[in-house]
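Q: Dropping the structure in here first, questions after.
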Amino acid sequence: MPERWTHLHVSPRPDRGADPIGERVRRQAADFLSIETGRIATSKVYSMSPALSAEQVHRSCAALGNRVSCIVGAGTPIPQGFRSYISVDKRPGVTDDEGQTVLTVLRDLFPSSAEIASGRAASRDVYWLEHALSSTELARIADELVGNALVHVLRSGPVDEYAEPRPRSAAKIPLAIESIVLPRDDAGLLRLSEARLLSLDRAEMIALRDHYDCETVRAERSRLGIPADPTDCELEVIAQTWSEHCKHKEFSAVVEFVDRDRGTTVEIDSLFRTYIAAATRAVEEKLREWGQTWLLKVFDDNAGVVRIDDDHVFVWKVETHNSPSAIDPYGGAITGILGCNRDPLGTGRGGGRLLFNTDVLCFARPTYDRPLLPGQLAPRRVFAGVRSGIEDGGNKSGVPTVNGALVFDDRFAGKPLVFCGTGSIAPARVGDAPWWEKRIDSGDRIVVVGGRVGKDGIHGATFSSVHLDEESPRSAVQIGSPLTQKLASDFLEEACARGWVKAATDNGAGGLSSSIGELARIPGGAEVDLERVPLKYEGIQPWEIFVSESQERMTLAVDPGVEGDLLAFADERGVEAVDIGRFTESGVLWVRHAGRTAACLDLDFLHHGVPRKRLSGEWAAPPVEEPVLPEVDLASAILGVVGSWNVCSREGVIRQYDHEVKGRTVVKPLMGRGGPQDAAVLRLSWSDYRGIAVSNGIVPRYGDLDPYAMCACAFDEAVRGIIAVGGRLPGPGTESPQFWSVNDNFCLPNVAYDARTNPDGRRRLGQLVRMCQALYDVAVAYAVPLTSGKDSMKNDFTAGGVTISVPPSILFSATAGIPDVRRTVTTSFQAPGDAIYVVGETLGELGRSEFLHWLNVEGGRAPQVRTDRARERYRRMAEAIGSGLVASCHDLSDGGLAVGLVESAIGGGLGFDVALDDVGSFDHPAVPLFSETPSRFVVTVPEGRRRAFEGVMEGDARPIGRVTADPRVRISFGGRACADAALTRFQTAWRTGLEGYG
Amino acid sequence: MKRPEALVVTGYGINCEEETAAAYRLAGATATVAHLENVLRGVVNLDGFDIVHLPGGFSFGDDLGGGRVLANRIRTRRLPGGATLCDGLRAVARRGGMVIGICNGFQALVELGLVPNLGGELAAEAALMQNASGKYEDRWVRVRSDADCPAAVWAGLEEWEVPVRHGQGRLVFRDEALREEAARLHLDGLTYCDERGEPAGRYPENPNGAELACAALCDPSGRILGIMPHPEAYLSLFNHYDWPRIRRERPGTSEDGAGLVWFRNVVRAVTA
């Protein structure tokens, strides 16, 4: 008998004014698709099975919508005056939080109904459009504005054809564990890798086959009564574990590097060890010399850990979620932010309290209008989807988004870069044991907590290791559930505080196979019974259960003695927690399904069996051509630069992120009258004024000229953002030393050379090597440690024979302790009459600057970081700000001094009058105004403190003019006024740059 | 004298419990943070509390509309004694305590019919709809308090600034008569206002398009109060968006934020 369903429609009352959601869609259809829809009304449709009685319908209607604002009814009430409809339904298996919540309401209403207790519910959005639109027009609005065919079933047409869909149930699929015979020929092995989306290359497939050919392995498998050939589950586990995502194969490869500039060839034994880990080791060495002990755990957990004080540690992790965001921007971004939240939750013994999020996003310009390749989404749509995914992921979790950046470059049209960061605070100890150390003993139970497993997100780890094309696996897409995760993280925080958890880790890429596979290394083995894993629906194969990346799940190691308490507490909190096995010391990861072996893998082979890659790279700096600067009207140039994509105001985006929840944010993304800031500052508690500063640095555009300079500038930008608010670099003899914790996130196109598919691979790898060298040099010079990070490789999109590759990019996300937040400063000018200084020497470094970009002129040198001078300057700046001598401070980066001055003026609602001749000696006013030489600041100082300030800065600060009460921009060069205009002109250009997008 | 006891409810996606508890402690009360489930199971009993506070957040992910599912649970689930939590909240108000809802908590109070409750029967008299801008926004607003509001929590706060952070804050009344009655009784104790202190008709001064530019609404007793902005996010001067300038222009300005003044008033309202 077919299932019976009840459908309830909830729609905003038309007499309450325009429907804001419908209105937004109407505007976007007109602006982006040139389709005039007329008015749009929206409805939510909730479908429930089994069907409700009339009495139940009546009570449900009252509970599901407020009659003051909504019309609620059963049946299909089509509003008057609309001629087309679009229905957006979730595909089977896609997270439907609202459907689940409807069940919650029904169960609260009818607690004694067994049918409702075991019932199902689904939610759906319907848009009613005034005009009769063609099926093509409706389909475009459906797929480009209100839904995504990857995750939604989209239907549309004339209203009289509207019908309630029949929610489908999954077909019965027999469960099986397959044995797979490995082909003897290499071509066959590669075909198998491709067919099963293993993303393993020839050498890796051969290593895998050799393992199964090995006599001792065969004998052991025979002894255990399992077939000699690998099971499907084993192949999947190996592929996940050996994936680029999990094993960082490029960074651990042996690299032959030809440096054509220096005429040298060197063999680099792992970029990670040689540069990244070595830099942190060198910094650790210095810290030890200085007697500082705050660096606690780097690289070998889900996040980096540093000490705040005797009782607290700070945990910091930045992740990328690029590939999923390219194909489903909303889902990719929301899982990105929620996934990143789970890293600190799954560090050490788990349960850290989330303090803040950061988001750095790289897109093509929203106006990008080249024809889209098959499977490629319009950049403005990627921007809007990612932005709203982060809004829901961050806001609904109650974690403030305090810092971020937007970078526009059309080379991100194939894959956007989506970096999500999360900082948290955890107790320094649990009982007598350090919190940051995971301890697992043989016999400890394996407990999974949080969401259920579905087919969503299968092959995410291997998928992120391949470039995207029109055939990319759609099952890799997932939608996060902030509510599920919030409940799980509240639960975990309390369970961990009670000492019930010995180790926690999150289920991200590779799902259970990664989380248990990783944790099993500590005691030396694990046994899992997959049939105990809670599933969203039937018909999921054992191997799929083990590698599924369904979100919002944590894996815990729990002492059997307290497991009962933990499970009972979870039940009380409405959180699903299930025992699925135990840790052992057998040396084996043994996975069963209903008693049958799905996988039995030697842990040593699993984690160390992957053959190392050998790669070759080369680098030769392109020749520098000095740009020829034409005569320009400086006011127009400033107007152009402040309104440019990479400089203009981010206010529209920033305001849609909650940056103040938790009530700790002291320096917010916008301060004063809306001036942007260089770093966020948060208080750590309400009982004192200690705090933490958070900033980021990313400048992919310099990389074309000089990847070393690009990476050094990005690192410097992150560091100087913290200096600009009043932070202090680590150093000897500092009273109350403050921790620093920096994450590096590399995003590159494919760097593995292949004559046919990747002829540019050697140069790209050369760029990566130069970036790593810069990272080492800057980290060691500043004594700032990298504590965690991530590499995302193969950020290429290929379709129809065309490849769009991202420029080599690196994000540095810096955090540092602040002894007293009341001593920090912001970028906003404070008072007329304050003296304006440029701190640091300005050089003719205009290569790839925002100014040359505006002029459309090539050439010039990339800015170089001079770490010795910068370190000394940063020390003096910390002294000056710490002593209260500075009124405002803004770092100079994109757009140089011009942007620094205008943004500071906007924040203060004040003007300025400066002479460029005082910046240095230059032939052309554009050089002092727009040079992007790093490690500089524009600082204002009250008249009475000038002498003291100049004394501290010892000649490294040049006075260039004054803050004025009159909100005008006045700039002179060679004694003549070269710009004199009202601030509002610049403010308007700056404020409206991104209007209508995001 | 005994310190007043405040119960701060959390769970199910509520997320401002930490700063709300800090606010009550700084304002001189004792604060207990309890999971809603523990309140419903009777582990935590309302009897001992002078203030019950529903904080901001996204209870149940804002599914079905902000505060709606939370309200349904408060209305339908039975406490061990047989009464609902909604009955319990009314009892707290009746014995001179206060029931406060901020942002998502305000949405829940409106959905429960506890405010404005002019008819006294918990009917749906108002709603907090999607912002007219169609967007969730975090921004600071200027607000004006009404000294004649029956909720006596506005002393020393004639005109002040405070952040709003919501997507559904557009207050609408069921009809004009209700709206006029609410205004006549001064139940709309807090008004979004412009630079001159006049009720703000336009965005962004009126951030959501609320009728009466209303930012807070209480019941006729003044003991049940919902407020859309977040005073708990302005406990300290250093939460203000322009604090460096305030310190420069008015040296010696108190390091307490206006939000803390507001919480002190709430605590005082149950002490008298």
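The values are calculated or read from the model by the stated rules, or taken from the named source; none is laboratory data. Quick caveat, the model's predicted, so the values are computed rather than measured. Here Cβ is always computed from backbone atoms with ideal geometry, including for glycine, and neighbour counts include all displayed protein chains.
Each row is one residue, and each column tells you yes or no for (1) in a loop (DSSP other than H, G, I, E, B); (2) within 23 Å of B:TYR24 (Cα to Cα).
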position	(1), (2)
B:GLY81	yes, no
B:GLY101	no, yes
B:GLN107	no, yes
B:LEU114	yes, yes
B:GLY134	yes, no
B:VAL143	no, yes
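Q: Taking the condition of being closer than 24 Å to A:GLY508 by Cα and among the β-branched types (Val, Ile, Thr), how many residues in segment A:555-574 meet it? Walk me through how you get there before you give the answer.
A: Residues of segment A:555-574 that are closer than 24 Å to A:GLY508 by Cα, as a first pass: A:555-559, A:563, A:566-567, A:570-571, A:573-574.
Restricting the remaining residues to those that are among the β-branched types (Val, Ile, Thr) gives A:555, A:558.
Residues flagged as closer than 24 Å to A:GLY508 by Cα and among the β-branched types (Val, Ile, Thr) within segment A:555-574 amount to 2.
The rows are residues; the columns are (1) touching a residue at least 12 places away in the same chain (Cβ under 8 Å); (2) within 11 Å of chain A (Cβ to nearest Cβ).
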position: B:GLN168; (1), (2): yes, yes
position: B:ASP175; (1), (2): no, yes
position: B:CYS193; (1), (2): yes, no
position: B:ARG202; (1), (2): no, no
position: B:CYS214; (1), (2): yes, no
position: B:PHE238; (1), (2): yes, yes
position: B:THR271; (1), (2): yes, no
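Q: Among (1) surrounded by 24 or more Cβ atoms within 10 Å (Cβ to Cβ); (2) over 22 Å from A:TRP294 (Cβ atoms); (3) acidic (Asp, Glu), where does A:ASP744 come up short?
A: (2)
Q: Please work out if A:GLU932 is away from chain B (no Cβ under 14 Å), out of contact with any strand residue (DSSP E or B) (no Cβ under 6 Å at 6 or more places or on another chain) and over 27 Å from A:ARG976 (Cα atoms).
A: Details: away from chain B (no Cβ under 14 Å): yes; out of contact with any strand residue (DSSP E or B) (no Cβ under 6 Å at 6 or more places or on another chain): yes; over 27 Å from A:ARG976 (Cα atoms): no.
Answer is no for this residue.
Q: A follow-up question, please. Give me the pairs: first residue in segment A:78-105 and more than 14 Å from chain B (Cβ to nearest Cβ), second residue among the polar types (S, T, N, Q), beta-carbon distance under 6 Å, and six or more apart or on different chains, which are they?
A: Note: pairs meeting the criteria are A:ILE86/A:SER156.
Q: Just to confirm my filter: which helices (runs of 4 or more DSSP H) fall fully inside segment A:881-989 and include at least 1 residues that are more than 35 Å from the chain's Cα centre (by Cα)? Can you show your working first?
A: Numbers: elements: A:896-908, A:926-930, A:946-953.
So the answer is A:926-930, A:946-953.
Q: Condition (residue is closer than 18 Å to A:TRP619 by Cβ, in a loop (DSSP other than H, G, I, E, B), touching a residue at least 12 places away in the same chain (Cβ under 8 Å) and touching a strand residue (DSSP E or B) at 6+ places or on another chain (Cβ under 9 Å)) applied to segment A:257-267: is it met by at least one residue? Quick ask: steps written out before the conclusion?
A: Of segment A:257-267, the ones closer than 18 Å to A:TRP619 by Cβ are A:257-267.
Restricting the remaining residues to those that are in a loop (DSSP other than H, G, I, E, B) gives A:260-263.
Next cut, touching a residue at least 12 places away in the same chain (Cβ under 8 Å) only: A:260-261.
Adding the requirement that they be touching a strand residue (DSSP E or B) at 6+ places or on another chain (Cβ under 9 Å) leaves A:260-261.
The answer is yes, given that some residue of segment A:257-267 is closer than 18 Å to A:TRP619 by Cβ, in a loop (DSSP other than H, G, I, E, B), touching a residue at least 12 places away in the same chain (Cβ under 8 Å) and touching a strand residue (DSSP E or B) at 6+ places or on another chain (Cβ under 9 Å).
Q: Still on this model: With respect to B:LEU157, determine if the residue is in a loop (DSSP other than H, G, I, E, B), away from every other protein chain (no Cβ under 14 Å) and surrounded by 24 or more Cβ atoms within 10 Å (Cβ to Cβ). Show your work before the answer.
A: Working: in a loop (DSSP other than H, G, I, E, B): yes; away from every other protein chain (no Cβ under 14 Å): yes; surrounded by 24 or more Cβ atoms within 10 Å (Cβ to Cβ): no.
Taking the combined requirement at face value, the residue does not satisfy it.
Q: Hey, another quick one. With a cut-off of at least 2 residues that are of a type in the set (A, V, I, L, M, F, W, C), name the strands (runs of 3 or more DSSP E) lying wholly within segment B:169-272.
A: Working: elements: B:170-173, B:190-192, B:214-218, B:224-227.
Correct list: B:170-173, B:214-218, B:224-227.
Q: Can you tell me which residues in segment A:17-63 are assigned to a helix (DSSP H, G or I), within 12 Å of chain B (Cβ to nearest Cβ), more than 35 Å from the chain's Cα centre (by Cα) and without any contact (Cβ under 8 Å) to a residue 40 or more places away in the chain?
A: Answer for segment A:17-63, where residues must be assigned to a helix (DSSP H, G or I), within 12 Å of chain B (Cβ to nearest Cβ), more than 35 Å from the chain's Cα centre (by Cα) and without any contact (Cβ under 8 Å) to a residue 40 or more places away in the chain: just A:ALA62.
Q: Ok, one more. Which members of segment B:138-154 meet the condition of being buried (at least 24 other Cβ atoms within 10 Å of the Cβ) and either away from chain A (no Cβ under 14 Å) or at positive phi (or both)?
A: Restricting attention to segment B:138-154, the residues satisfying the condition of being buried (at least 24 other Cβ atoms within 10 Å of the Cβ) are B:138, B:143, B:151, B:153.
Once the filter is applied, which keeps residues that are buried (at least 24 other Cβ atoms within 10 Å of the Cβ) and either away from chain A (no Cβ under 14 Å) or at positive phi (or both), segment B:138-154 yields B:VAL143, B:ALA151, B:VAL153.
Q: Applying the selection to segment A:355-376, what residues are of a type outside the set (Ser, Thr, Tyr) and surrounded by fewer than 22 Cβ atoms within 10 Å (Cβ to Cβ)?
A: Kept after step one, since they are of a type outside the set (Ser, Thr, Tyr), are these residues of segment A:355-376: A:355-357, A:359-366, A:369-376.
A:ARG365, A:PRO366, A:ASP369, A:ARG370, A:PRO371, A:LEU372, A:LEU373, A:PRO374, A:GLY375, listed by residue number.
Q: Looking only at residues in segment B:240-257 that are more than 25 Å from A:ALA905 (Cα to Cα) and surrounded by fewer than 20 Cβ atoms within 10 Å (Cβ to Cβ), which one is nearest to the other protein chains (Cβ to nearest Cβ)? Write out each step before concluding.
A: If we filter segment B:240-257 for residues that are more than 25 Å from A:ALA905 (Cα to Cα), which is where we start, we get B:252, B:254-257.
Subsequent filtering for residues that are surrounded by fewer than 20 Cβ atoms within 10 Å (Cβ to Cβ) retains B:252, B:254-256.
Working: B:GLY252: 14, B:SER254: 13, B:GLU255: 8, B:ASP256: 11 Å.
By that ranking, first place goes to B:GLU255.
Q: Further question: Can you tell me which residue among B:GLY82, B:GLY134, B:GLY119 is free of Cβ contacts under 8 Å to residues at least 24 places away in the same chain, within 21 Å of A:VAL72 (Cβ to Cβ) and either surrounded by 24 or more Cβ atoms within 10 Å (Cβ to Cβ) or out of contact with any strand residue (DSSP E or B) (no Cβ under 9 Å at 6 or more places or on another chain) (or both)? Before you say what the answer is, go through the steps one by one.
A: Details: B:GLY82 fails: within 21 Å of A:VAL72 (Cβ to Cβ); B:GLY134 fails: within 21 Å of A:VAL72 (Cβ to Cβ).
When all the criteria are applied, what remains is B:GLY119.
Q: Let me ask something else. Looking at A:VAL528 and the list (1) touching a strand residue (DSSP E or B) at 6+ places or on another chain (Cβ under 7 Å); (2) within 18 Å of A:TRP242 (Cα to Cα), which single condition is not satisfied?
A: A:VAL528 satisfies all of (1) touching a strand residue (DSSP E or B) at 6+ places or on another chain (Cβ under 7 Å); (2) within 18 Å of A:TRP242 (Cα to Cα) except (2).
Q: Scan the helices (runs of 4 or more DSSP H) fully inside segment A:205-249 and keep the ones with 3 or more residues being at pLDDT below 90, under 35 Å from the mean Cα position of the chain (by Cα) and among the β-branched types (Val, Ile, Thr). Talk me through it step by step, then tell me what you get.
A: Values: elements: A:215-223, A:232-241, A:244-247.
Of the helices (runs of 4 or more DSSP H) lying wholly inside segment A:205-249, none has at least 3 residues that are at pLDDT below 90, under 35 Å from the mean Cα position of the chain (by Cα) and among the β-branched types (Val, Ile, Thr).
Q: In segment A:666-688, what count of residues is obtained for those that are facing another protein chain (nearest Cβ under 10 Å), more than 27 Å from A:LEU983 (Cβ to Cβ) and modelled with pLDDT of 95 or more?
A: Looking only at that region, the number is 1.
Q: Among the residues of segment A:420-456 satisfying the criterion of being among the hydroxyl-bearing types (Ser, Thr, Tyr) and under 23 Å from the mean Cα position of the chain (by Cα), which is farthest from A:VAL402 (Cα to Cα)?
A: To start, the set of residues in segment A:420-456 that are among the hydroxyl-bearing types (Ser, Thr, Tyr) comprises A:422, A:424, A:442.
Filter once more, so that each one left must be under 23 Å from the mean Cα position of the chain (by Cα): A:422, A:424.
Working: A:THR422: 10, A:SER424: 13 Å.
Among those that are among the hydroxyl-bearing types (Ser, Thr, Tyr) and under 23 Å from the mean Cα position of the chain (by Cα), it is A:SER424.
Q: Given the criterion among the hydrophobic types (A, V, I, L, M, F, W, C), closer than 21 Å to A:GLY672 by Cβ and in contact (Cβ under 8 Å) with a residue 24 or more places away in the chain, identify the matching residue among A:LEU929, A:LEU910. Don't jump to the end; show me each part of the working.
A: On the way: A:LEU929 fails: closer than 21 Å to A:GLY672 by Cβ.
After ruling out the rest, the residue left standing is A:LEU910.
Q: Condition check: touching a Leu at 6+ places or on another chain (Cβ under 6 Å), touching a residue at least 12 places away in the same chain (Cβ under 8 Å), among the hydrophobic types (A, V, I, L, M, F, W, C) and under 20 Å from A:LEU811 (Cα atoms). Does A:VAL305 satisfy that? Let's see the steps before the verdict.
A: Values: touching a Leu at 6+ places or on another chain (Cβ under 6 Å): yes; touching a residue at least 12 places away in the same chain (Cβ under 8 Å): yes; among the hydrophobic types (A, V, I, L, M, F, W, C): yes; under 20 Å from A:LEU811 (Cα atoms): yes.
Here the answer is yes, as A:VAL305 does meet what is asked.
Q: Anything in segment A:342-377 that is of a type in the set (D, E, K, R) and part of a helix (DSSP H, G or I)? List them, or say none.
A: Taking segment A:342-377 first, the residues of a type in the set (D, E, K, R) are A:342-343, A:349, A:353, A:359, A:365, A:369-370.
Across segment A:342-377, the qualifying residues are A:ARG342, A:ASP343.
Q: Quick test for you: out of A:GLU518, A:GLU531, pick the one residue that is over 26 Å from A:TRP435 (Cβ atoms) and in contact (Cβ under 8 Å) with a residue 12 or more places away in the chain. Lay out the reasoning, then the answer.
A: Numbers: A:GLU518 fails: over 26 Å from A:TRP435 (Cβ atoms).
A:GLU531 is the lone residue from the list that is over 26 Å from A:TRP435 (Cβ atoms) and in contact (Cβ under 8 Å) with a residue 12 or more places away in the chain.
Q: Return the pairs, sorted by first residue and then second, in which the second residue is assigned to a loop (DSSP other than H, G, I, E, B), the first residue lies in segment A:962-982 and is small (Gly, Ala, Ser), the beta carbons are less than 7 Å apart, and the residues are 6+ apart or on different chains.
A: Qualifying pairs under 7 Å: A:ALA965/A:PRO832; A:ALA965/A:LEU910; A:ALA982/A:PRO967.
Q: Another question, if that's okay. Which one of the conditions (1) touching a Ser or Thr at 6+ places or on another chain (Cβ under 9 Å); (2) within 25 Å of A:ALA405 (Cα to Cα) does A:LEU729 fail to meet, given that it meets all the rest?
A: Going through (1) touching a Ser or Thr at 6+ places or on another chain (Cβ under 9 Å); (2) within 25 Å of A:ALA405 (Cα to Cα) one by one, A:LEU729 breaks only (1).
Q: Sort through A:LEU182, A:LEU109 and tell me the only one that's in contact with a helix residue (DSSP H, G or I) (Cβ under 7 Å, 6 or more places away or on another chain) and more than 14 Å from every other protein chain (Cβ to nearest Cβ). Lay out the reasoning, then the answer.
A: Values: A:LEU109 fails: more than 14 Å from every other protein chain (Cβ to nearest Cβ).
On inspection, the qualifying residue turns out to be A:LEU182.
Q: A further question follows. Do we have any residue at all in segment A:518-541 that's under 22 Å from the mean Cα position of the chain (by Cα) and outside any loop (DSSP other than H, G, I, E, B)?
A: Within segment A:518-541 (the criterion being under 22 Å from the mean Cα position of the chain (by Cα) and outside any loop (DSSP other than H, G, I, E, B)), the answer is no, since none of the residues qualifies.
Q: Of the residues A:ALA598, A:ALA568, A:ALA594, which is over 30 Å from A:THR401 (Cβ atoms) and within 14 Å of chain B (Cβ to nearest Cβ)? Even if it seems obvious, please write down each step before you answer.
A: Numbers: A:ALA598 fails: within 14 Å of chain B (Cβ to nearest Cβ); A:ALA594 fails: within 14 Å of chain B (Cβ to nearest Cβ).
It is A:ALA568.
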